[in-house]
Structures are given as structure tokens and as C-alpha cells.
Amino acid sequence: MHYYKFNIADWHLATSHLSFEEEIVYFKLCNFYYDTEKPISIETQMVSRRLRLTKYKELVDQILQEFFVLEDDGWHHNRCDLEILAYHEKAERNRAVGKLGGRPKKTQMVSKRIPNETLTTNHKPLTTNHNTNTPDGVGIDLWNDFLVYRKRLKAPVSDRVVARLVKEAGLAKMTLSDVIETIMFKGWRSFEASWIQNQVIQAQKAKEMPLGSDKQIEEAYRTECGGDPAKARFNSYFDMKKFILEKREKRANA
């Protein structure tokens, strides 16, 4: 499979908390998944070598843990599996049509009133999909994709499931459409607001500077607190470090 649809909005929503290096690692793993049409091997050394990611082993492991699901045959990505399945189903339909000599021609007849005008006996509407019973604010295409996604997981979409998603979307301050797109992109079975909030906290922590040495504490104070360590009135580096940690806690609880 050398081609797949890439939804920029979905990607940005799911990866906005990642660093530049983490996003690149995730992108390369997804491309490898589509190209091979197989889950990522449990032993990732060979994959990392093929993708030139041997120097980023820790990042590879982190991305697999966050976006993929470990099964007996390797690391699975539900969105990738769905796209690959749809690709093969379409290819099979095309092969079946080809064996029948291509698409059937429409039966046409000439109008008696207007000789140059042809009419078709096919009076059916262009689409037979009349499923418009979708939750408020969710497009029909996205909803149908979600129904297919849940069917593959053998998890029917009941009114109770929808009500739960609406509630969690409100807690996460997200639209229901964004929640559904996030579920499918990340390969989740459900959704909880705390999952998104935890990702935000982890992203903030990833951007926080280390506090292992006196020099690192000074740099963190200068960068995160906007002060000059030389002019700060702390009795020790321990007090300065404590002040920085308190600042971080206040930001996290804001």
C-alpha cells in the first residue's frame, strides 16, 4: 500500500503535544506500517535500523506505547488497520468488476420530444445512504466512519455510549467531532477527558528543564521564572529549586 489519505487536521489534533523529533518518529512508523501492511515487529531493532531511527530508540518505544497496541503478532495501529482493510476491500471489488468486463453500461433511450437528448432508466437516487440520525455537530461521513470503526472493535454504538462521549467531550472542552476523530486516530476504544489532560501535563513536563545541577537550576530559573539568578534572594540552590517546582505546580493546576 503506497498511498493513503492524510488528514492534516486529525494529525495536528493527535500530535500537537509531541516534540519535533517525536512527531517525525511517529510519522515514519505510520508510513512503514502502511508500506508493509503489517504491524510493527515486537523486536523493534530491525525496524529502527530500516527507518534510520537507531539513535532514537527511547522515542520509538514511547511512541509505540502511546499510539499503538501490543498484540501477539506485533504493535497494531487501529487507524492504519482500518485504512489497509478498506484498501483491500476496494481492490477486491475492482477485481470482481474487472472479471465481469468492467462497469455495466446504463440502459439509455432517446427522448421523442428531444431526439438529441438521452434518458436513463435508472431512476434511483445517486446514493442509498439515508442514515442522517447523527449526534448534533457530527457530520454524516465522520459518523459513518466511527460506526465502521466501532463495528470492527465489536463495540456497538448505543445511546449510552454517545451520552458518555458527549459528557467527556464537555469535560475536555472539545467538540464531539474532535473526540470521535481523536478516538479513531489514536486507536482508542473509548474516551475520557483525563486522558487528554494527562497528555497536556506530560507535554508540559517534557518542556520543563532539568534541575539536576546548580547550573541547570539557574538556567531553569532564568527561563521558566524570568529572573536573574545572580540577583535572586535565595539562601541556597535548594530554595531556588523549590521555588521553581512550586511555580510549575501552580501552572499545572491553573
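The values are calculated or read from the model by the stated rules, or taken from the named source; none is laboratory data. Owing to the predicted nature of the structure, the values given are computational and were not obtained by experimental measurement. So basically every Cβ, Gly included, is an ideal-geometry build from the backbone, and we count neighbours across all protein chains shown.
Tabulated data
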{"read-out": "Flag if A163 is in a helix (DSSP H, G or I), at pLDDT 85 or above, surrounded by fewer than 13 Cβ atoms within 10 Å (Cβ to Cβ) and of a type in the set (A, V, I, L, M, F, W, C)", "value": "yes"}
{"read-out": "The stretch 1-23, subset outside any loop (DSSP other than H, G, I, E, B) and charged (D, E, K, R), residue surrounded by the fewest Cβ atoms within 10 Å (Cβ to Cβ)", "value": "E21"}
{"read-out": "Looking only at the stretch 35-92, and only at residues there that are assigned to a helix (DSSP H, G or I) and either of a type in the set (V, I, T) or not assigned by TED's automatic domain parsing to the domain that holds M1 (or both), the one that is surrounded by the fewest Cβ atoms within 10 Å (Cβ to Cβ)", "value": "T54"}
{"read-out": "Residues located in the stretch 132-160, provided they are part of a loop (DSSP other than H, G, I, E, B) and touching a helix residue (DSSP H, G or I) at 6+ places or on another chain (Cβ under 6 Å)", "value": "T134, P135, G137, V138, V157"}
{"read-out": "Tally, over the stretch 218-248, of residues that are out of contact with any Asp or Glu (no Cβ under 8 Å at 6 or more places or on another chain) and β-branched (V, I, T)", "value": "1"}
{"read-out": "Which listed residue, of G226, G212, G187, G170, is at pLDDT below 80 and not assigned by TED's automatic domain parsing to the domain that holds F67", "value": "G226"}
{"read-out": "Among the candidates E37, E58, residue that is over 30 Å from I196 (Cβ atoms) and of a type outside the set (S, T, Y)", "value": "E37"}
{"read-out": "Residue under evaluation H12, criteria (1) touching a residue at least 12 places away in the same chain (Cβ under 8 Å); (2) closer than 30 Å to K90 by Cα, criterion not met", "value": "(1)"}
